[in-house]
Amino acid sequence: MKPLTKGLFINGEWIKKEAVYPLYSPYSGELLAHISRADPDDAEQAIAGADRAFAKMKALPAYERSRILARVARIIQDRKEELAKVLAREAGKPIRTARAELERTLVTYQFSAEEAKRIGGETIPMDAAPGGEGRLGMTWREPLGVVVAITPFNFPFNLVAHKLGPAFAAGNTVVLKPAEQTPLSALLIAEIFTEAGLPKGALQVVTGYGTELSDALLTDVRVKKISFTGSVQVGKLIKAKAGLKKVTLELGSNSGLIVEPDAPVDKIIPRCVEGAFAFAGQVCISLQRIYVHESIYREFTELFIRQTKKLNIGDPLDETTDLSSMIHPGETDRIEAWVNEAVQAGATIGCGGSRKGKLYPPTVLLNVTKEMKVSCHEVFAPVVSIVSYKELDEAIEMINDSVYGLNAGIYTSNIDNALYAARNIQAGGVMINDIPTFRVDHMPYGGVKESGYGREGIKYAVQEMTELKLITIKNMS
């Protein structure tokens, strides 16, 4: 297939740049496209266009914003197989997993369409305070203006939807900067929104390198909100540059799971394996640390390793593939070095641990200590550690002994212990009787500590992308 040449999407027009970069498939190495490389001037034009389009978006009635988002969901449904193949090629996501992401994506836009019609306020009892007599108080929410959305490679359709959907539901405009490795999906979404009737200029897409565009995107006074999903290091840089702009940061994690002795081990093993290795572990809530009570540790570990060995690794377009190559060879080099370092420090390999060219197999590590990178950092790779514990408090302490706090999980039949753990685990979400990788797209989602700032999930993202305004009316009669 001849490589495409893809342009920027600015003010409703496709603009091809002389400066481009090559986009290769992570698995096959095939040259997929030449991607236009935006510069600060392009970013300025995109922001200016989004700023001009804001007046029209703000005036658009809620039912029309809802209709546009619903149309987007229907178009995605009609084109799902085509979009899934693009995702498999540019991100190396197995085709079955890619289809599942597209299903979630259209649901995210459906939720956004519904939420567009629910944005309201409340009445305030002004006479509850002395001096408030004879006054009516009420609130409503207003859109902010230009939102800069910066998205990662691992869910290039659905994480884009989590930014565009709420932003447009609320009446904002968006400048989207997708990850360098997954621009094709973002550009396809621009086509889909155009077909769905989004006003010209409301969505701008600038492709290229974040290091070259960050100052232009983050410091412009016309930008009112920055929504970023990515690394902790970049998140801290964004927060430092954002000034008084609103910011939502979805950052890293090393999600942990507690397995209590009353958990049905044989029933939960397939789910735990899925949580550890889906999309080669390149998920911010991928199951990375499993703490298993000592009384069932051996049984759990043996069954987990046996199930892991059943996974198929290979071509993402093969229907039988469970996980494929990582996003970049440098990431494969990194995790290989981390695992080797852990083994040299005393960890043992239960299975995997030996790369096969571009592919890194699902790997289970035992005898891991908290100082090892595979435990205390975010692996973002198909590597999981299993550690035993004696008492629930010890397991909770190990979960909390981290700079991260996004999702955590616990399996137990004891509701008192489940709620005790939920109260004491330091995380944005605690999943009882499920893995921390669980997420549905309307729930509040976000972390504490270095896992981020703010919340996503459609209703909650709309709140983050609007300003609350108070109005009072004094009775003059």
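Miscellaneous remarks
- Selection status of Ser255, closer than 30 Å to Ile386 by Cβ, touching a residue at least 24 places away in the same chain (Cβ under 8 Å), of a type in the set (Gly, Ala, Ser) and out of contact with any Phe, Trp or Tyr (no Cβ under 6 Å at 6 or more places or on another chain): yes
A quick yes/no check of all residues on (1) crowded, with 23+ Cβ neighbours inside 10 Å; (2) at pLDDT below 95; (3) not small (Gly, Ala, Ser):
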position	(1), (2), (3)
Phe155	yes, no, yes
Val160	yes, no, yes
Val174	yes, no, yes
Ala179	yes, no, no
Leu188	no, no, yes
Pro199	no, no, yes
Asp220	no, no, yes
Val232	no, no, yes
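- The residues on offer are Gly252, Gly256, Gly281, and the sole one that is small (Gly, Ala, Ser), at pLDDT 95 or above and closer than 30 Å to Asp416 by Cα is Gly256.
- Options Pro166, Pro156; residue that is assigned by TED's automatic domain parsing to the domain that holds Asp215 and out of contact with any Phe, Trp or Tyr (no Cβ under 9 Å at 6 or more places or on another chain): Pro156
Let's see how each residue does on (1) touching a Lys or Arg at 6+ places or on another chain (Cβ under 7 Å); (2) charged (D, E, K, R); (3) surrounded by fewer than 24 Cβ atoms within 10 Å (Cβ to Cβ):
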| position | (1), (2), (3) |
| --- | --- |
| Pro61 | no, no, yes |
| Arg74 | no, yes, yes |
| Ala91 | no, no, no |
| Arg96 | no, yes, yes |
| Ile119 | yes, no, yes |
| Thr139 | yes, no, yes |
| Glu142 | yes, yes, yes |
| Val147 | yes, no, no |
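- You will find that of Ile296, Ile313, the residue that is within 28 Å of the chain's Cα centre (by Cα) and either buried (at least 18 other Cβ atoms within 10 Å of the Cβ) or farther than 14 Å from Val383 by Cβ (or both) is Ile313 and no other.
- Counting only helices (runs of 4 or more DSSP H) wholly contained in the stretch 48-151, the ones carrying 1 or more residues that are without any contact (Cβ under 8 Å) to a residue 24 or more places away in the chain and among the hydrophobic types (A, V, I, L, M, F, W, C) occupy 80-91, 95-115.
This table checks each residue for (1) in contact with a Cys (Cβ under 6 Å, 6 or more places away or on another chain); (2) touching a residue at least 60 places away in the same chain (Cβ under 8 Å); (3) surrounded by fewer than 16 Cβ atoms within 10 Å (Cβ to Cβ).
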residue: Leu392; (1), (2), (3): no, yes, no
residue: Ile396; (1), (2), (3): no, yes, no
residue: Asn407; (1), (2), (3): no, yes, no
residue: Tyr411; (1), (2), (3): no, yes, no
residue: Asp434; (1), (2), (3): no, yes, no
residue: Lys459; (1), (2), (3): no, yes, no
residue: Thr472; (1), (2), (3): no, yes, yes
residue: Met476; (1), (2), (3): no, no, yes
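- Residues in the stretch 211-263 that are of a type in the set (S, T, N, Q), under 23 Å from the mean Cα position of the chain (by Cα) and farther than 17 Å from Ser451 by Cβ: Thr211, Ser214.
- All of Tyr420, Tyr360 fail the test of being closer than 13 Å to Ile335 by Cα, assigned by TED's automatic domain parsing to the domain that holds Asp315, aromatic (Phe, Trp, Tyr) and modelled with pLDDT of 95 or more, apart from Tyr360.
- Options Glu260, Glu250: the member that is farther than 18 Å from Lys177 by Cβ and either touching a strand residue (DSSP E or B) at 6+ places or on another chain (Cβ under 8 Å) or assigned by TED's automatic domain parsing to the domain that holds Tyr389 (or both): Glu260
The values are calculated or read from the model by the stated rules, or taken from the named source; none is laboratory data. Remember, it's a predicted structure, so these values are computed and weren't measured experimentally. Cβ coordinates were reconstructed from backbone atoms using ideal geometry, including for glycine residues, and neighbour counts include every protein chain displayed.
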